[in-house]
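The values are calculated or read from the model by the stated rules, or taken from the named source; none is laboratory data. As the structure is a prediction and not an experimental result, all values here were calculated from the model. Counting neighbours? That spans all protein chains shown, and the Cβs are built from the backbone with ideal geometry, glycine included. SASA here: full protein model, heavy atoms, side chains in, ligands and nucleic acids out. Shrake-Rupley method; radii C 1.70, N 1.55, O 1.52, S 1.80 Å.
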Amino acid sequence: MDNRLIERILQGDRQAFRSLYDEYFDYAMRTAKLVTKNGEWAKDAVQETFLRVYRNVWQYDRSKPFKPWFYSILLRECYRVMEREKKVLPFGEQLERIAVEQPLPDVSVDVYEALQSLDDLYRIPLILKYLHDYSEREIADMLDVNVNTLKSRLFKGREKMKKGLGGERYGTES
């Protein structure tokens, strides 16, 4: 993220914020859909994320990368929306709704189903690591956990994914 863009936003330049929005919206929606497992909840979380970023951009430490700061806000909003919306949709309906709204590129349905069936504790770190390419340190900071805890969750999440995919097909035992 260009610090000049942040500086322009701090000075009240709405076009600069629009540029930030355009750059991050699609990526944020995909992440929010994966985290919340619900398109409408994802929209709420993303909208609230951009409002919080706009209101609190002055708190952003420009010596650090912008993207992890942005995604830590997004994740908190996803958790908040999920907590607020206590209703639960059947898994098949969630998968069908997400697939119709925006199919995931280059991800087979088996992998997607296995990922979505994981508990948030394992699913979210896997999404951030393997779909968004964050480092373990960045993910640990975003989730406010120790790096070793994160590594353990990634390991356990990968093991659960293997079992969910029928590990024998991939050269491992289930």
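Accessible area per residue (1.4 Å probe, heavy atoms of protein chains only) ranks T31, T149 as T149, T31, with the largest value leading. Among 150-156, 126-132, the peptide with the highest mean count of other Cβ atoms within 10 Å heads the list, and the full ranking is 126-132, 150-156.
Restricting attention to segment 20-90, which trypsin sites (Lys or Arg not before Pro) occupy a DSSP loop and are surrounded by at most 15 other Cβ atoms within 10 Å?
Answer by residue number: R62, K86, K87.
Averaged over its residues, segment 1-53 has an accessible area of 50 Å² per residue, based on protein heavy atoms and a 1.4 Å probe. Our coupling estimate for segment 50-64, obtained by passing each phi through the Karplus curve with A = 6.51, B = -1.76, C = 1.60 and θ = phi - 60°, is 5, 5, 5, 4, 4, 6, 10, 4, 5, 7, 5, 8, 5, 7, 10 Hz, Gly and Pro reported as x.
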